[in-house]
Amino acid sequence: SHAKRKGWQYSIYRTGMEKEARSTYILENDLYHSLSRQEMFLMYQPFVYGGEGKTIGMEALLRWNHSKKGLIPPSTFIPMAENNGFINTLGRWVLQQVCKEIGPVLYKNPTWTVAVNISSQQLEGEHFINELWEVVQSNGVAPQQLELEITERTTMQPDLMLPILHKLKELGFRISLDDFGTGYSSLSQLKELPVDTLKIDRSFIDDINDRKTNIAIVKTIIEAAENLNMKVIAEGIEKEEQARELLTLQCCYFQGYYYSIPKKINEFSWGKESS
Ligand code: C2E
Ligand code: MG
Ligand code: MG
Ligand code: MG
């Protein structure tokens, strides 16, 4: 009976695995068709400044509205696209779409920037820089108004990435380091990076009002950024107290649900005429 039971558990286990593998396979296949089926779209979440929460730009966030399954979160489909190489096609579409949608808004608000998340596979692509240049030029977007958000993982291959990042800086693009503090890059490595902005990861902001250790970490990041002439944005602000605490630490750039959830461009007053 012991052996029988084991076999039974094994078959449940195996069916479960097969099911999962099968649904991953189907989703992956659907992902390849998502663009031609026009299931992808962008949401934008503002960056704000100071106690008054004045808008200074926005981040583009990709959404997949699957025809049968509804909204699939980026945490599911971005890693999938990174694994199967589709991220290059997807990323190209994102940059094109952002420039098309936000170009007129940036033109009207010359001090604003739009941030776009870029996977390391995209940066490595041999045509990335040429295509990026082509897309900003053809949409009349100033490179100074486009901020490329990379993660610490990207900076873990400095020999490969540093020349690319320097080239992007030369062309005038801004670079920001997303989810800062969650990876393994040390503060001393930071000075080698041509980065304009540090985005402090939400995990340090979540309980900043209750945990002294988080205040200490955030303070250290802010001081380092100041010494390196980098701007600091705190992500994931959900409550006024969090912003207030950060203001006392001299961090005055924010992003989070407290100010605005991500929305479609024409749901913003500034996005009305341009779509
Ligand atoms: P991220 O770049 O760090 O983006 C911030 C994420 O935090 C977004 O999730 C946003 O909706 C969420 N968020 C913003 N404010 C708050 C808040 O106050 N509280 C909480 N709990 N969450 C908040 P989202 O849109 O699901 O995106 C997840 C991740 O997917 C992004 O993290 C980014 O790494 C990736 N991603 C999104 N769009 C793209 C894209 O076009 N290309 C690439 N390569 N990655 C993307
Ligand atoms: Mg980001
Ligand atoms: Mg982030
Ligand atoms: Mg994050």
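Cβ-Cβ under 9 Å, sequence separation 6+ or interchain: first residue in segment 164-178 and without any contact (Cβ under 8 Å) to a residue 60 or more places away in the chain, partner more than 16 Å from ligand 1 (Cβ to nearest atom) and among the aromatic types (Phe, Trp, Tyr). Which pairs?
Within 9 Å, the pairs are LEU171/TRP133.
Give the residues of segment 162-192 that are within 15 Å of ligand 1 (Cβ to nearest atom) and hydrophobic (A, V, I, L, M, F, W, C), sorted by residue number.
Listed by number, the residues that qualify are ILE175, LEU177, PHE180.
What strands (runs of 3 or more DSSP E) completely inside segment 35-146 contain at least 1 residues that are more than 14 Å from ligand 2 (Cβ to nearest atom) and not β-branched (Val, Ile, Thr)? Steps first, please.
Values: elements: 40-49, 54-66, 70-72, 113-117.
Because the criterion is at least 1 residues that are more than 14 Å from ligand 2 (Cβ to nearest atom) and not β-branched (Val, Ile, Thr), the strands (runs of 3 or more DSSP E) in segment 35-146 that meet it are 40-49, 54-66, 70-72.
Evaluate the following for GLU238: is it within 14 Å of ligand 4 (Cβ to nearest atom) and more than 15 Å from the chain's Cα centre (by Cα)?
Details: within 14 Å of ligand 4 (Cβ to nearest atom): yes; more than 15 Å from the chain's Cα centre (by Cα): yes.
Yes; evaluated as a whole, the condition is true for this residue.
Quick grid of which residues meet (1) open to solvent by 20 Å² or more (accessible area, probe 1.4 Å); (2) within 16 Å of ligand 3 (Cβ to nearest atom):
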residue	(1), (2)
ASP196	yes, yes
SER203	yes, yes
ILE215	yes, no
ILE221	no, yes
LEU228	yes, no
GLU240	yes, no
THR248	yes, no
CYS251	no, yes
SER260	no, yes
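Can you give me the number of residues within segment 230-247 that are within 16 Å of ligand 2 (Cβ to nearest atom), not in a loop (DSSP other than H, G, I, E, B) and not acidic (Asp, Glu)?
Of the residues in segment 230-247, 4 are within 16 Å of ligand 2 (Cβ to nearest atom), not in a loop (DSSP other than H, G, I, E, B) and not acidic (Asp, Glu).
For (1) surrounded by 14 or more Cβ atoms within 10 Å (Cβ to Cβ); (2) within 15 Å of ligand 4 (Cβ to nearest atom); (3) not hydroxyl-bearing (Ser, Thr, Tyr), each residue gets a yes or a no:
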position	(1), (2), (3)
LEU168	yes, no, yes
ARG174	yes, no, yes
GLN189	no, no, yes
LEU193	yes, no, yes
ASP206	yes, yes, yes
LYS212	no, no, yes
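Could we say that VAL195 is within 16 Å of ligand 1 (Cβ to nearest atom), part of a helix (DSSP H, G or I) and either within 26 Å of LEU165 (Cα to Cα) or modelled with pLDDT under 95 (or both) here? Quick ask: steps written out before the conclusion?
Values: within 16 Å of ligand 1 (Cβ to nearest atom): yes; part of a helix (DSSP H, G or I): no; either within 26 Å of LEU165 (Cα to Cα) or modelled with pLDDT under 95 (or both): yes.
The answer is no for VAL195.
The values are calculated or read from the model by the stated rules, or taken from the named source; none is laboratory data. Only a predicted model underlies this, so the values are computations on that prediction, with no experimental measurement involved. Backbone-built Cβ (ideal geometry, glycine too); neighbour counts: all protein chains shown. The area values use the complete protein model at the heavy-atom level, side chains included, leaving out ligands, DNA and RNA. Shrake-Rupley method; radii C 1.70, N 1.55, O 1.52, S 1.80 Å.
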